[in-house]
């Protein structure tokens, strides 16, 4: 958060051990068992804390609690697999098919991400929902859609969820006194992704749009 008195961003929060988090989680065990729900590991990016999140997922798994996670997949392949064995459902964001464009937009290449995505698709214990956050000027063209279709067929991704770009992050960046690089990018509506969706479907990918 931004501390006005210090005129800078400061880290806030509380440190927890896995045992302490599990104590909180287990308070709702009856609800999980009744509803079929469970725990979602999210962020930020969960692989910024790989040892902790893996130990937590393992503890949930051993307690019979369903575990969902959200990730960009940018992790050491062995670290990725160490966690994935304890995950039941994974939201996996795939932002770009082209590594150079991915690096230009995110500061990292995508080979590692795609390797982990391909590995995830082969795990029998894991259900994967691939998502594309569709952003004008980054991955929104018809050519992008065609290349995504080719990529997903190559690595055996049968379905993808398209997420139209929104500007919900503007306020958060302002609160943190940070410049928002995408502030002038147009928000997308569900209807804006009809052609993108159609191209993927024509490639044999079950593409759906999740509007905001």
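The values are calculated or read from the model by the stated rules, or taken from the named source; none is laboratory data. Computed from a predicted model, the values in this text were never measured in an experiment. Here the Cβ is made from the backbone with ideal geometry for all residues, glycine too, and neighbour counts use every protein chain on show.
Somewhere in region 84-97, is a residue surrounded by 15 or more Cβ atoms within 10 Å (Cβ to Cβ), more than 15 Å from the chain's Cα centre (by Cα), under 30 Å from residue 137 (Cα atoms) and at pLDDT 95 or above?
Yes, some residue in region 84-97 is surrounded by 15 or more Cβ atoms within 10 Å (Cβ to Cβ), more than 15 Å from the chain's Cα centre (by Cα), under 30 Å from residue 137 (Cα atoms) and at pLDDT 95 or above.
Name the single residue, out of those in region 115-125 being at pLDDT 95 or above and surrounded by fewer than 18 Cβ atoms within 10 Å (Cβ to Cβ), that is farthest from residue 196 (Cα to Cα).
So the residue we want is 123.
Give 147, 177 a once-over and let me know the one that is touching a residue at least 40 places away in the same chain (Cβ under 8 Å), out of contact with any helix residue (DSSP H, G or I) (no Cβ under 6 Å at 6 or more places or on another chain) and in a loop (DSSP other than H, G, I, E, B).
Among 147, 177, only 177 is touching a residue at least 40 places away in the same chain (Cβ under 8 Å), out of contact with any helix residue (DSSP H, G or I) (no Cβ under 6 Å at 6 or more places or on another chain) and in a loop (DSSP other than H, G, I, E, B).
Mind listing whichever residues of region 180-196 are touching a helix residue (DSSP H, G or I) at 6+ places or on another chain (Cβ under 8 Å) and either touching a residue at least 40 places away in the same chain (Cβ under 8 Å) or closer than 21 Å to residue 147 by Cα (or both)?
Within region 180-196, 182, 195, 196 meet the criteria.
Would you please list the contacts, defined by Cβ atoms under 7 Å and residues six or more apart or on different chains, that run from a residue in region 37-50 that is surrounded by 15 or more Cβ atoms within 10 Å (Cβ to Cβ) to a residue that is part of a helix (DSSP H, G or I) and modelled with pLDDT under 95?
Final answer for the pair search is 38/32.
Looking only at residues in region 2-42 that are in contact with a strand residue (DSSP E or B) (Cβ under 7 Å, 6 or more places away or on another chain) and farther than 21 Å from residue 125 by Cβ, which one is modelled with the lowest pLDDT?
If we take residues in region 2-42 being in contact with a strand residue (DSSP E or B) (Cβ under 7 Å, 6 or more places away or on another chain) and farther than 21 Å from residue 125 by Cβ, then 2 is modelled with the lowest pLDDT.
Give the residue that is nearest to residue 82 (Cα to Cα), with candidates limited to residues of region 132-158 that are surrounded by fewer than 18 Cβ atoms within 10 Å (Cβ to Cβ) and touching a strand residue (DSSP E or B) at 6+ places or on another chain (Cβ under 7 Å).
158
Please go through (1) more than 30 Å from residue 77 (Cβ to Cβ); (2) surrounded by fewer than 16 Cβ atoms within 10 Å (Cβ to Cβ); (3) in contact with a strand residue (DSSP E or B) (Cβ under 6 Å, 6 or more places away or on another chain) for residue 197 and return the number of the only condition it doesn't satisfy.
(2) is the only condition that residue 197 fails.
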